[in-house]
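The structure under discussion appears below in the form of structure tokens.
The values are calculated or read from the model by the stated rules, or taken from the named source; none is laboratory data. This is a predicted model, so every value here is computed, not measured. A quick note on method: Cβ atoms are made from the backbone with ideal geometry, for glycine too, and the neighbour counts reach across all protein chains shown. The protein model used for the area step is the full one, side chains on, heavy atoms only, and it has no ligands, DNA or RNA in it. Shrake-Rupley method; radii C 1.70, N 1.55, O 1.52, S 1.80 Å.
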Amino acid sequence: MESSLNEKYLEENKKLYEEFMAEIEKIKEIDGPNPGIVRGYIVKTDTDRILSIGRYVLNVAGSATTKFKYDTIDKKEEILITLPSLFKDDSYVDVISENIKKQMIERMKSDENLIYWVNVDGNEEYTDVFEKISADQNFYINEKGKLVISFDEYEVAPGFMGIQEFVVPTEAISDILVSNVYIK
């Protein structure tokens, strides 16, 4: 497990470096602004069973954007946990998506400064609304054993809101979980 993750991270970093160097060459041709890139990680969860690591890339060129990717590992079994592996079938996509839409609407109603690209009360204000998560949506399992779905900047809200995370209540997904080993 350790070797495969290190290889994966090494490949990601090589690709990121190559893309950045190609961008530098383009910018030199047009005498554009100097871009920057920051790559790092954060340990989101580290329990006896679960290790969730978030890897981020911050691109800076006039403005900044941050993207995260997570790996959630069962330390006892030494396996990488995927979102589909947690569920009996693909119904989780719709179940989780509906829960997240409700959370978005609740957040906007409680704070007028928050904006999510979701239809509220049939009002189709946004052209690019959040419909549903992808089958391999970014996620991690937090210290309390809760499923956390994560969206990059600009994915479900304006960039000023940053990375958006939603804790999915276990009771909303308990019927479709394969087991309760990971999600409590």
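Tell me the residue from Lys88, Lys76 that is closer than 26 Å to Ile173 by Cβ, in contact with a helix residue (DSSP H, G or I) (Cβ under 7 Å, 6 or more places away or on another chain) and open to solvent by 30 Å² or more (accessible area, probe 1.4 Å), please.
Only one candidate passes the filter, namely Lys88.
Can you name the condition, by its number, that Lys8 falls short on among (1) more than 18 Å from the chain's Cα centre (by Cα); (2) surrounded by 13 or more Cβ atoms within 10 Å (Cβ to Cβ); (3) part of a helix (DSSP H, G or I)?
Among (1) more than 18 Å from the chain's Cα centre (by Cα); (2) surrounded by 13 or more Cβ atoms within 10 Å (Cβ to Cβ); (3) part of a helix (DSSP H, G or I), the lone unmet condition for Lys8 is (1).
Is there any pair linking a residue in the range 9-35 that is farther than 27 Å from Gly54 by Cβ and of a type in the set (Phe, Trp, Tyr) to one that is part of a helix (DSSP H, G or I) and modelled with pLDDT under 90, with Cβ under 7 Å and at least six apart or on different chains, and which?
If the second residue must be part of a helix (DSSP H, G or I) and modelled with pLDDT under 90, no pairs are left.
Of the residues that make up the range 148-166, is at least one more than 23 Å from Tyr41 (Cα to Cα), in a helix (DSSP H, G or I) and either out of contact with any strand residue (DSSP E or B) (no Cβ under 7 Å at 6 or more places or on another chain) or not hydroxyl-bearing (Ser, Thr, Tyr) (or both)?
no
Output the residues belonging to the range 129-147 that are aliphatic (A, V, I, L, M), out of contact with any strand residue (DSSP E or B) (no Cβ under 7 Å at 6 or more places or on another chain) and at pLDDT 95 or above.
Ala135
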